[in-house]
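The values are calculated or read from the model by the stated rules, or taken from the named source; none is laboratory data. This is a predicted model, so every value here is computed, not measured. Cβ: placed from backbone, ideal geometry, glycine included. Neighbour counts: every protein chain shown. Just so you know, the surface numbers come from the protein's heavy atoms only, side chains and all, with ligands and any DNA or RNA stripped out. Shrake-Rupley method; radii C 1.70, N 1.55, O 1.52, S 1.80 Å.
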Amino acid sequence: ATRLRDRLAQRVGVATPGPLARSVGSFAFQIARAELTLRGEPAPELLTGAEQDRILSQVIEGDIDAPRIPWPEHLGETVRRSKDFRSELRAFLDAAIELDVSREELAALAGGAWAPIAALTREYGAVLSRMSTNAMGAAELASAARKALVRGGALPGIDRIRAVLVDDAQELTQGGVALVGALRARGVAVLAAGDPDIASGAFRGIGPDVFAALVDALGDVHVLRGQHRSSEEIGWLVRRATQAIGAGGRVEHRRAPGAEP
């Protein structure tokens with residue numbers, strides 16, 4: 001990534017507002033910071049996974065010491081104290097933020113089955129609000145960046161951007177796709193390249209349907225047929241393997257393996 005950023009900086013030959021190659025989280029951070037700075041508020045700070053885990057652990061321990069949340073029997077103290085349970089909670093929180101689900105909506109789902117989680121997120125949010133910093137997780141940063149773009153106000157440094165290129169677009173979460181949509185609505189040209197057959201983020205809710213939504217949002221589709229990474233033999237083997245994989249969303253990039261090399 002550092003080599004790519006250096007090459008890009010040398011090629012453009014002009015001063016830029018930060019690195020030209022960055023992760024979605026880093027880009028979202030820049031957008032959120034621009035809006036908060038303009039409003040005279042403290043710049044955001046990234047809340048790491050380890051910090052989220054620590055806060056959730058404190059909230060859970062506090063509830064065990066002085067029970068307030070009506071947990072079902074199968075989620076006993078041993079389960080709630082486990083790191084795996086907190087990891088699932090963090091993934092759940094990220095998904096809820098990306099889908100913009102309110103605690104009230106969450107508590108009403110499935111006849112109230114998710115009400116304990118809604119209550120936990122309320123306490124978690126209260127802890128964050130008492131922190132002296134503008135701490136946000138990656139999902140919250142993406143959501144804040146999208147809302148800043150949608151509001152349409154001036155964003156110093158961001159308004160100079162005319163085009164965004166997305167590599168490995170099959171790894172975008174729903175929040176990332178929404179951020180791309182907000183960029184397009186703001187008049188930024190977006191070109192995304194990806195292959196849904198090699199997506200590896202299913203544990204974060206990334207699936208063929210998310211990539212299909214991105215393609216639908218961007219419009220024009222161009223299928224690249226050139227082979228740049230491997231030999232003819234390996235390319236044939238990959239095409240043969242993908243014939244046995246179920247397809248969802250987009251299949252234009254697939255082609256029959258043909259005669260064996």
Quick check, is GLY235 in contact (Cβ under 8 Å) with a residue 24 or more places away in the chain and either surrounded by 11 or more Cβ atoms within 10 Å (Cβ to Cβ) or touching a Gly at 6+ places or on another chain (Cβ under 7 Å) (or both)?
-> no
Write out, first by first residue and then by second, each pair whose Cβ atoms fall under 7 Å of each other, whose residues are 6+ apart or on separate chains, and whose first residue, in region 55-76, is touching a residue at least 12 places away in the same chain (Cβ under 8 Å) while the second is outside any helix (DSSP H, G or I) and among the basic types (Lys, Arg).
-> ILE60/ARG81
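Pick out, from region 1-120, the helices (runs of 4 or more DSSP H) lying fully within it that include 3 or more residues that are over 30 Å from ARG151 (Cβ atoms) and under 25 Å from the mean Cα position of the chain (by Cα).
The helices (runs of 4 or more DSSP H) meeting that bar are 2-12, 49-65, 83-98.
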Residues satisfying the stated conditions in region 1-36, i.e. open to solvent by 90 Å² or more (accessible area, probe 1.4 Å) and among the polar types (S, T, N, Q) | GLN10
Could you figure out which of (1) closer than 29 Å to ALA154 by Cα; (2) surrounded by fewer than 14 Cβ atoms within 10 Å (Cβ to Cβ); (3) touching a residue at least 40 places away in the same chain (Cβ under 8 Å) isn't true of PRO44?
-> (2)
Taking region 133-151 as the search range and keeping residues that are open to solvent by 40 Å² or more (accessible area, probe 1.4 Å) and either over 27 Å from ARG22 (Cβ atoms) or part of a helix (DSSP H, G or I) (or both), which one is modelled with the lowest pLDDT?
-> ALA138
Is there any pair linking a residue in region 89-118 that is without any contact (Cβ under 8 Å) to a residue 40 or more places away in the chain and among the β-branched types (Val, Ile, Thr) to one that is open to solvent by 40 Å² or more (accessible area, probe 1.4 Å) and in a helix (DSSP H, G or I), with Cβ under 8 Å and at least six apart or on different chains, and which?
-> ILE117/PHE92
Got a number for residues in region 86-132 being among the charged types (D, E, K, R), over 18 Å from GLY62 (Cβ atoms) and open to solvent by less than 60 Å² (accessible area, probe 1.4 Å)?
-> 2
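So how many residues does region 152-188 have that are closer than 30 Å to ARG54 by Cα and either assigned to a loop (DSSP other than H, G, I, E, B) or touching a strand residue (DSSP E or B) at 6+ places or on another chain (Cβ under 7 Å) (or both)?
Of the residues in region 152-188, 2 are closer than 30 Å to ARG54 by Cα and either assigned to a loop (DSSP other than H, G, I, E, B) or touching a strand residue (DSSP E or B) at 6+ places or on another chain (Cβ under 7 Å) (or both).
This table checks each residue for (1) loosely packed, with under 15 Cβ neighbours inside 10 Å; (2) among the hydroxyl-bearing types (Ser, Thr, Tyr); (3) within 24 Å of LEU99 (Cβ to Cβ); (4) in contact with a Ser or Thr (Cβ under 8 Å, 6 or more places away or on another chain).
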residue: GLY187; (1), (2), (3), (4): yes, no, no, no
residue: SER200; (1), (2), (3), (4): yes, yes, yes, no
residue: ARG204; (1), (2), (3), (4): no, no, yes, yes
residue: ASP209; (1), (2), (3), (4): yes, no, yes, no
residue: ALA213; (1), (2), (3), (4): no, no, yes, no
residue: LEU218; (1), (2), (3), (4): no, no, yes, no
residue: ARG225; (1), (2), (3), (4): yes, no, no, no
residue: ARG229; (1), (2), (3), (4): yes, no, no, no
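What number of residues in region 193-204 are more than 15 Å from the chain's Cα centre (by Cα) and not in a loop (DSSP other than H, G, I, E, B)?
Matching residues across region 193-204 total 3.
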Any residue in region 132-147 that's over 21 Å from GLY181 (Cβ atoms): show its pairings with residues that are small (Gly, Ala, Ser) at Cβ separation under 7 Å, as long as the two are six or more apart or on different chains.
-> ASN134/ALA43
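Can you pull out every residue in region 1-40 that is without any contact (Cβ under 8 Å) to a residue 60 or more places away in the chain, out of contact with any Lys or Arg (no Cβ under 9 Å at 6 or more places or on another chain) and not small (Gly, Ala, Ser)? It would help to see each step written out before you state the result.
Taking region 1-40 as the starting set, the residues that turn out to be without any contact (Cβ under 8 Å) to a residue 60 or more places away in the chain are 1-16, 19-23, 26, 33, 39-40.
If we keep only those that are out of contact with any Lys or Arg (no Cβ under 9 Å at 6 or more places or on another chain) too, we end up with 2-4, 6-15, 23, 26, 33, 39-40.
Passing the criteria: THR2, ARG3, LEU4, ASP6, ARG7, LEU8, GLN10, ARG11, VAL12, VAL14, ARG33, ARG39.
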